[in-house]
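Encoded as structure tokens, the structure appears first; notes follow it.
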Amino acid sequence: MTGVQPAEEMAWPGAGCASGNNFECIFREQYPRLVAVLARLTGDASAAEELAADVFCKLSRRPLLADSDHLTAWLFRVAINAGLDSVRASQRRRRREQIAGAEDSQAAPAAALEDLLREERCARVRSVLSDLKPRDAELLLCRAEGMSYRELAAVIAVQPASVGSLLARAEAEFERKYRSRYGDVV
């Protein structure tokens, strides 16, 4: 090896945090936001941290993106796609485990039952999100994270004026799929 530490390999030359060209500054600014979106999507904080770290590893191989106006959009698009892939893989694994009889059918106490029901509702939402078009899932997840219409427009690469109607369609499609799959039970 050349004596360069991994952290040094990932650091981009630049004028520091004020300019936004430094990998470490971008990481500090965007990593918590990506983890929050991914945790909401996957329902697993440690998986969310791992996926977010993977996104930054991909970014470290593309330093030209650092100067791009589309960096935040790229980060969220890559993160959400990775999160959706993770949710789909978890669903496939869960189905295989159920078929193999891996689920335990013991009765649970009341508090544990509430936790189980809450997790089931979250799993339903994740399941429906994974069946939506990626752009619709991105919109709903990013909006739930509190992003503005302008930020949403950057993430999905559309004009800000289009976000309202696209978001309304995504919400309607989510509701339609949820109701067709689970009825009116929330």
Problem - In segment 135-173, the residues that are among the basic types (Lys, Arg) and touching a Lys or Arg at 6+ places or on another chain (Cβ under 8 Å) - result: none
Practice task
Show the residue pairs that are 6+ apart or on different chains and have beta-carbon atoms under 7 Å apart, the first residue being within segment 104-127 and within 13 Å of Gln91 (Cβ to Cβ), the second being at pLDDT below 85 and surrounded by 12 or more Cβ atoms within 10 Å (Cβ to Cβ).
Solution key: Ser127/Gln91
Problem - Selection count, segment 70-93, where residues are farther than 15 Å from Asp131 by Cβ and free of Cβ contacts under 8 Å to residues at least 24 places away in the same chain - result: 3
Practice task
State all residues of segment 39-50 that are closer than 16 Å to Ala123 by Cβ and either in contact (Cβ under 8 Å) with a residue 12 or more places away in the chain or crowded, with 18+ Cβ neighbours inside 10 Å (or both); if no residue qualifies, say none.
Solution key: Ala39, Arg40, Leu41, Thr42, Gly43, Ala47, Ala48
Handout entry: Selection within segment 127-186 - part of a loop (DSSP other than H, G, I, E, B) and over 16 Å from Thr42 (Cα atoms)
Key = Lys133, Gly146, Met147, Ser148, Ala157, Val158, Gln159, Gly183, Asp184, Val185, Val186
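The values are calculated or read from the model by the stated rules, or taken from the named source; none is laboratory data. Remember, it's a predicted structure, so these values are computed and weren't measured experimentally. No Cβ is skipped: glycine too gets one built from the backbone with ideal geometry, and neighbour counts run over all protein chains shown.
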